[in-house]
Every structure is written in structure tokens, then in C-alpha cells.
Amino acid sequence: MISRREMLKSAAGTAALHTLLRADEGAAAVPDFKPSAKRVIYLFQSGAPSQIDLFDYKPALEKMRAKDLPDSIRQGQRLTGMTATQTSFPVAPSLFQFAQYGKSGAWVSDLMPHTSRVVDDLCFIRSMNTEQINHDPAITFCQTGFQLAGRPSIGSWLAYGLGSENKELPAFVVMISQGSGNLSDQPLYDRLWGSGFLPSRYQGVKFRAATDPVLFLSNPPGIDGATRRRYLDDLGALNAINQNEYNDPEIAARTSQYEMAFRMQSSVPELTDLSKEPPSTFDLYGPESRRPGTFAANCLLARRLAERGVRFIQLFHRGWDQHTNLPKQIRGQARDTDQASAALVQDLKQRGLLDDTLVVWGGEFGRTVYSQGKLTADDYGRDHHPRCFTIWMTGGGVKRGLIHGETDEFSYNITRDPVDVHDLHATILRTLGLDHTKLTFKFSGRHFRLTDVKGRVVNEVLSA
């Protein structure tokens with residue numbers, strides 16, 4: 001015989017175990033609106049691509065070559081430590097040729113020949129801007145909506161809000177590739193895909209280009225699947241007792257992650273085995289797609305993850321931080337990313353996945369029109385520029401063949417339809433059916449959200 005207190009504690013423990021094993025279910029199971037997208041693939045170009053050399057064509061700059069940027073344009077903008085001591089700010093027109101493509105007439109430089117072929121599927125936002133001028137706070141801001149570390153990343157918010165469509169895979173997956181541009185580019189920290197104050201089961205799972213794509217997934221030597229299952233069952237029962245005693249959400253998170261790892265032991269090897277992909281797929285993504293860990297290979301894996309219902313797939317590609325020797329370095333970065341990015345759009349489209357998959361391409365800020373360091377006929381560098389930069393989006397309810405926003409003739413200030421990072425986040429959430437003001441989590445007495453206290457949905461770029 002047991003007491004009423006012991007019976008209730010036992011029942012609570014069983015309920016706690018049941019709750020923590022429902023880890024893949026989102027906190028907001030019912031969207032606020034009818035979603036136009038089910039998942040997101042975010043192709044994050046870490047280091048800040050130069051909008052002037054890729055998508056924001058400024059032909060009038062050639063007449064200003066080597067002349068000092070007018071004070072009326074710079075308007076006293078604060079400078080980074082890299083250019084604060086410069087005595088002049090010579091205008092550096094792009095060395096690359098631009099042309100208009102598609103029915104939309106989007107301007108694209110010759111660095112991006114493959115992207116130029118899919119412009120009518122893309123929505124370019126030329127008026128992105130951010131509050132941050134240095135890489136770490138700017139990347140952190142892009143990922144979490146706040147410049148200081150410690151808040152949940154956008155993928156974690158979506159995992160919390162919507163969960164995953166596939167119980168065999170995590171809701172949030174991250175992959176990193178090293179570009180051939182700046183090999184000593186800014187480091188990327190695990191906190192960029194962390195869950196912050198959300199339960200840790202919502203953090204991103206990093207896939208590596210290795211024999212074991214996910215660390216600690218394989219059974220230890222001498223442990224088979226049946227033994228592992230019995231071990232997890234016993235551990236789950238013990239954790240349920242502790243959960244009942246201490247009501248610590250991290251106990252639940254730990255158990256749910258054990259269960260996810262067990263399921264991933266069968267799902268991940270199948271996911272990462274590209275041997276059944278036809279040669280035409282590798283031809284589409286380019287030769288680098290056969291080499292694990294490259295941006296092209298990660299784009300192909302992103303498509304496979306999207307097919308399997310992973311909610312948020314984030315690719316980080318390093319190497320875009322080009323303060324010097326930009327013409328040479330940006331060519332390498334474009335070779336890394338152009339064909340694979342366009343291929344991903346085409347691949348999703350031909351498989352019928354683009355309509356409910358939102359794809360976002362962009363970095364943390366832009367680059368300056370003036371040269372950092374010495375300007376020559378065939379070389380220049382560009383410093384950080386938060387006032388304006390360009391991203392593109394496609395799929396998932398986004399208008400295609402659209403150019404949104406404008407900048408001045410120096411690609412320095414926004415002249416029409418500004419979009420800041422909070423606006424972008426609000427818009428991404430809207431495509432997934434979520435009201436950014438309602439997706440909240442109470443922490444330290446306050447209801448936090450991805451967009452903090454700002455953000456508006458950019459309805460002009462949405463098809464519905």
C-alpha cells in the first residue's frame with residue numbers, strides 16, 4: 001500500500017515522462033494565420049557580401065571613381081576601427097559587369113551567372129539595414145534579434161513554436177562551410193544556433209562533414225541497439241522521478257534529446273547517404289556537391305532535409321569579410337555559392353517543394369562604397385556598412401520577380417522602403433503562420449519574443 005501523496009507523486013512522474021517524450025511537438029501547435037510556408041532554409045553568408053558588387057547596380061559611380069565620398073552622403077556615420085583613421089574615403093565603383101535579367105529586369109553582376117537565371121523566382125530586398133556595425137553583434141542580431149549573446153536563435157524559436165514534421169529528425173539543423181574568399185573570416189559560435197533561455201531541446205543540431213555527421217550519435221563499442229533502448233528506458237524512468245522532484249525543464253530536455261539521438265541513429269545515415277542521387281543532381285549543384293562539407297554539398301543536404309520535414313535548416317558560409325583584395329576574394333565566394341544557391345531553388349521548384357519552403361539568402365550587413373585602404377585600378381577593399389544591404393528570398397508565399405526597396409546612387413543610404421532585421425524576422429514568422437508579437441516565452445519575469453519590441457511584417461513582399 002502506498003500513501004495518497006506517494007501515488008500522486010508517482011502519477012506526476014509518469015505524466016512528466018510522457019510530457020518530456022513529446023519533445024517534437026511545438027508550443028504553439030495552431031498557427032495564428034494560414035501558413036504559406038512549412039519550413040525555412042536560411043543560406044547565411046557570413047562576413048557580409050558586398051551589395052555593390054553583386055546586386056545593387058550603381059552605374060553613376062564610375063564618374064566618381066577615386067573622388068572622396070561627399071560628407072552629405074556619409075552624414076557623420078560612425079566608422080569601424082578599420083577606417084576611422086583614414087584621411088579620405090575614395091569612391092570605389094565595382095569592377096564587375098552588370099546586366100538585367102528575366103522579366104523582372106533585376107540587375108545582377110557577372111559574379112552570379114547562375115543566380116541571374118532564376119531572378120524571376122526571387123524577391124530582392126535592396127533596403128535591408130541593421131543597427132550593428134561589427135560582425136559578432138551583427139550576426140548575433142541576425143540570428144537572435146538582439147546584439148548581445150544569450151537569447152534564442154530564430155531556428156530555436158521556430159522549433160519551440162511549431163516543432164518538427166519528422167519525429168526522426170530535429171526541428172532545427174545547422175551546417176557550416178568555409179569559403180575560398182577570406183580564409184581567416186570571422187569565427188562562428190555554437191551560441192548562434194543556441195536556444196538561449198528556451199529549453200535546450202530547441203537548440204540547433206550541427207551536422208558535420210565527417211564519418212559521424214552528428215557527434216555522440218553512434219553507440220559506444222560493445223553496445224547494440226537493444227541494449228541502448230533498455231538503457232534509455234531505465235534512464236527515462238529515473239529522469240521522470242527527478243523531474244517530478246525538482247520540476248527542472250532541463251531534465252525533460254535531456255531525456256528528449258536522448259530519445260531524439262536514438263531515432264537519429266537510423267534516420268541520419270540514410271539522410272546523408274547521397275549514393276542514390278542521380279548524376280543529374282550533382283550536375284545541377286556543381287562538382288563541389290560531391291565533396292562533403294562544401295556549400296554545394298550542404299545545399300543538397302538542405303533539400304533532403306526539407307523533403308523530410310525539418311522545420312529550420314541553416315547554412316552558414318564563411319569568407320565574405322573582404323576589407324582588402326575584394327575583387328579576388330569575392331570571385332572565390334561567388335564560385336562557392338552561386339551555382340549551388342540557384343540549384344537549390346531550381347531543385348525545390350521541380351520537386352514541388354518551393355511553394356511551401358521559404359529560402360532566404362543574405363549576410364549580416366553590407367559593404368561601403370568607399371575603399372578601405374588604397375584604391376587602385378584593379379583592387380580595393382570595403383568596410384562594414386549597416387545602413388543598407390541586399391538579400392533575396394523565394395518560395396513560401398513570397399512574391400517572385402520583385403525588387404523591393406531602393407538606395408541612393410552610392411548604395412549608402414536607403415531612399416525607399418527600409419526593412420530592418422526585426423522586420424525580416426516578423427515576415428519570416430508570418431509566412432509560417434505565426435504572429436511575431438504572440439510567439440513569446442516568459443523568462444525572468446518578462447515575455448520575450450524574437451522581434452523584441454519592434455518589427456513589422458513586410459506585406460509588400462508577400463503574395464498573400
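Every number here is computed from the coordinates shown, using simple stated rules; none is lab data. Bear in mind that the values here come from a model prediction, so they are computed numbers and not experimental data. Reconstructed Cβ throughout: ideal geometry from the backbone, glycine too, with neighbour counts over all protein chains shown.
Laid out as a table, the results:
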| item | result |
| --- | --- |
| Cross-link pairs beyond the 24 Å C-alpha cut-off, checked among LYS58/LYS349; LYS34/LYS206; LYS103/LYS399; LYS206/LYS328; LYS167/LYS442 | LYS58/LYS349; LYS34/LYS206; LYS206/LYS328; LYS167/LYS442 |
| Kirkwood Rh, Cα atoms: Rg over Rh of segment 129-231 | 1.06 |
| Potential lengthening between ARG191 and GLN77 on full extension [0.36 nm per residue; Cα-Cα distance subtracted] | 38.1 nm |
| Compactness of the chain, expressed as Rg and Dmax over alpha-carbon positions, Å | 23.6, 92 |
| Using a Förster distance of 41 Å, the FRET efficiency for ALA209-GLU62 (Cβ separation, nearest 0.05) | 0.45 |
| Residue-averaged [θ]222 nm for the chain, counting only DSSP H segments that reach four residues, each worth -39500 (n - 2.57) | -10000 deg cm²/dmol |
| D (Stokes-Einstein, µm²/s), Kirkwood Cα radius, segment 248-303, 0.890 mPa s at 25 °C | 186 µm²/s |
| Loop trypsin sites (Lys or Arg not before Pro), segment 413-448 (other Cβ atoms within 10 Å of the site Cβ: 14 or fewer; DSSP) | LYS438 |
| Over segment 4-461, relative contact order from alpha-carbon pairs under 8 Å, at least 6 apart, % | 30 percent |
| Hull shadow area, averaged, segment 393-464 [alpha-carbon convex hull, nm²] | 5.9 nm² |
| Kirkwood hydrodynamic radius (C-alpha pairs) into Stokes-Einstein, segment 37-180, 37 °C and 0.692 mPa s, D in µm²/s | 175 µm²/s |
| Computed magnitude of the charge dipole of the chain (debye, nearest 20; Cβ of K, R +1, Cβ of D, E -1) | 580 debye |
| For segment 283-331: rounded, prolate or oblate by the Cα gyration tensor [a/c cutoff 1.5] | oblate |
| Relative contact order for segment 366-459, counting Cα pairs under 8 Å that sit 6 or more residues apart, in percent | 21 percent |
| Selection from THR376, PHE98, THR281, by position along the positive dipole direction of segment 4-461 (Cβ) | THR281 |
| Qualifying lysines (Cα of each under 21 Å from Cα of LYS63; at least 8 residues distant if same chain) | LYS374 |
| Cα centroid separation, segment 354-414 to segment 284-349 (Å) | 17 Å |
